[in-house]
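A short write-up of the structure that comes next.
The values are calculated or read from the model by the stated rules, or taken from the named source; none is laboratory data. Keep in mind that this is a model prediction, so the values were computed, not measured. Cβ placement follows ideal geometry from the backbone for every residue including glycine, while neighbour counts extend to all protein chains displayed.
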Amino acid sequence: MGDGTTNDAEAFRTTWDAACEVEGGVMLVPSGYSFLLQPLHFNGTYCQPNIVFQVDGKIMAPLLKSEWEKVDSQWILFEEVSNGITIRGNGVIDGHGESWWSAKDLDVESTDRPHAIKIVGSFNVTVTGIHIQNSPKFHIFISNTQYLHIFNFSTSSPADSPNTDCIHISNVQHVEIHDTVLACGDDCVSIQTGCSDVRIYNVNCGPGHGYSIGGLGPNNTEAHVSDIAVFNSTVQDSLTGVRIKTWPGGYGSVYDIRFSNITMTNVKTPITIDQNYHGGPKITNDTNAVAITSVVYENITGTYTSRSVFLNCSEYTPCRNLTVASIDIVASEGSMLQGGDEEGAPYCENAYGRVLTNTTPPLQACLLPEAAGPPQAVGYLF
């Protein structure tokens, strides 16, 4: 009906099934209408190639948590669309997450809050034009998918909305994310285990938690990430800028990572590696850690509010083959750290690599030379 009060989920499901019957079928969400949807599952198993989900109007979740007919791990699910799907338009998808965020510390665990959009087990996915806002949890979550292209896309939720990643990918290969504007309460882009061949560029991130790989290896699990490049992008008013985070006790590999041509503004910690994620300031006694090797930081500039560089690596599986060049990060104007306070100085623990140019802050003494460390960690292929 599109009146904003009637549940239109069944009409959406019927329209999807009809669009699936023809190649290039288009499911249109027309402009000028607001559609209330209870949790909805679009199954693409029998879809003809290249279905289009065209959102020109507004799609809304129930306003209050108590109004949801059921609580699933996602609100709108696209599953097994193996012949290609494009989600496009100039409309808005509103997850109405406010009541979920306030309930986080009361009766709703993080794992119970639904993602706004989830795409699973699909091939050749394009997302463009749409705006997703106020998701209860992740704004868009893609997993077990190959060939993902996201561009001219945007998200928004407040900086204090908990665990609301803008884009979250897990076990996704061959990814391009570009020309997007991302604002949320957690990672702007979160890259999880199984991801490779990922290119992120011309992205504006903030508020949020920056561009993150991980956390990898929770509960002593195996994780692998490789061939990731983030470049020609910005971060502002964020917890971190570019970050690799792994849980103590995990194992596997992160390698062939490049962060280049990134501008930071008022970022708490612009450059971060933390192999003790959620474990405290120092590495725990776990002898296992996800191996981090071959990471390049190049032409990263801007301002920080707490610490410019934080490289907290494992004694047993140290970070290896880090390369740093053309770093110019200074304390934000008006910051208590502007006078060179040691609290804002770079922190490096068990981090081995090379500094190719003069940097601000000076990093030559922060990184250990490769020859001083144990044998080079061997990466794992997945």
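Just one of the numbered conditions (1) closer than 21 Å to Phe151 by Cα; (2) without any contact (Cβ under 8 Å) to a residue 40 or more places away in the chain is not true of Ser34: (1). Is the stretch 117-129 home to any residue that is under 22 Å from Asn43 (Cα atoms), modelled with pLDDT under 95 and of a type in the set (Lys, Arg)? No, the conditions are met nowhere in the stretch 117-129. Of everything listed in (1) of a type in the set (S, T, N, Q); (2) out of contact with any His (no Cβ under 9 Å at 6 or more places or on another chain); (3) assigned to a loop (DSSP other than H, G, I, E, B), the single unmet condition for Asn90 is (2).
Screening Gly249, Gly208, Gly185, Gly194 for residues that are surrounded by fewer than 21 Cβ atoms within 10 Å (Cβ to Cβ), closer than 21 Å to Ile140 by Cα and either small (Gly, Ala, Ser) or at pLDDT below 95 (or both) leaves exactly one candidate, Gly194. Restricting Gly206, Gly241, Gly210 to those that are in contact with a Pro (Cβ under 7 Å, 6 or more places away or on another chain) and assigned by TED's automatic domain parsing to the domain that holds Asn288 reduces the list to Gly241. With respect to (1) assigned by TED's automatic domain parsing to the domain that holds Asp237; (2) on the phi > 0 side of the Ramachandran plot, the lone exception for Asn152 is condition (1).
Of the numbered criteria (1) buried (at least 17 other Cβ atoms within 10 Å of the Cβ); (2) at pLDDT 90 or above, the one Gly379 fails is (2).
Just the residues that are touching a Phe, Trp or Tyr at 6+ places or on another chain (Cβ under 6 Å) and within 27 Å of Thr269 (Cβ to Cβ), please, taken from the stretch 137-161. Ser161, the sole residue that qualifies. When the test is whether a residue is within 25 Å of the chain's Cα centre (by Cα), surrounded by 15 or more Cβ atoms within 10 Å (Cβ to Cβ) and at pLDDT below 95, Lys65 passes it. Can you name the residue in the stretch 7-45 that is surrounded by fewer than 15 Cβ atoms within 10 Å (Cβ to Cβ) and either at pLDDT below 95 or aliphatic (A, V, I, L, M) (or both) and is also nearest to Lys65 (Cα to Cα) among such residues? Among residues in the stretch 7-45 that are surrounded by fewer than 15 Cβ atoms within 10 Å (Cβ to Cβ) and either at pLDDT below 95 or aliphatic (A, V, I, L, M) (or both), the one nearest to Lys65 (Cα to Cα) is Ala11. So, of the residues in the stretch 68-89 that are at pLDDT below 95 and of a type outside the set (Val, Ile, Thr), which turns out to be farthest from Thr164 (Cα to Cα)? Among those residues, the one meeting the criterion is Glu69. Among the residues making up the stretch 93-102, a single one is part of a strand (DSSP E or B) and either surrounded by fewer than 23 Cβ atoms within 10 Å (Cβ to Cβ) or not assigned by TED's automatic domain parsing to the domain that holds Gln146 (or both): Asp94. Looking across the stretch 203-214, the residues that are part of a strand (DSSP E or B) and under 11 Å from the mean Cα position of the chain (by Cα) come down to Cys205, Gly208, Tyr211, Ser212, Ile213, Gly214. Specify which of the listed residues (Ile130, Ile228, Ile117, Ile167) is out of contact with any Gly (no Cβ under 7 Å at 6 or more places or on another chain), more than 25 Å from Asp274 (Cβ to Cβ) and either assigned by TED's automatic domain parsing to the domain that holds Ile273 or of a type in the set (A, V, I, L, M) (or both). Just a single option satisfies the conditions, and that option is Ile117. For the stretch 22-32, the criterion of being of a type outside the set (D, E, K, R), touching a strand residue (DSSP E or B) at 6+ places or on another chain (Cβ under 8 Å) and under 22 Å from Ile169 (Cβ atoms) is met by no residue. Contact map, the stretch 62-77: first residue among the acidic types (Asp, Glu), second residue surrounded by 19 or more Cβ atoms within 10 Å (Cβ to Cβ), Cβ cut-off under 8 Å, separation 6 or more or different chains; pairs are Asp72/Pro114. Residue check: Arg113 meets all listed conditions (1) in contact with a Phe, Trp or Tyr (Cβ under 8 Å, 6 or more places away or on another chain); (2) surrounded by fewer than 23 Cβ atoms within 10 Å (Cβ to Cβ); (3) modelled with pLDDT under 95 but one, namely (2). Checking each residue in the stretch 285-304 for being touching a Ser or Thr at 6+ places or on another chain (Cβ under 9 Å) and at pLDDT below 95 picks out Asp286, Thr287, Asn288, Ala289.
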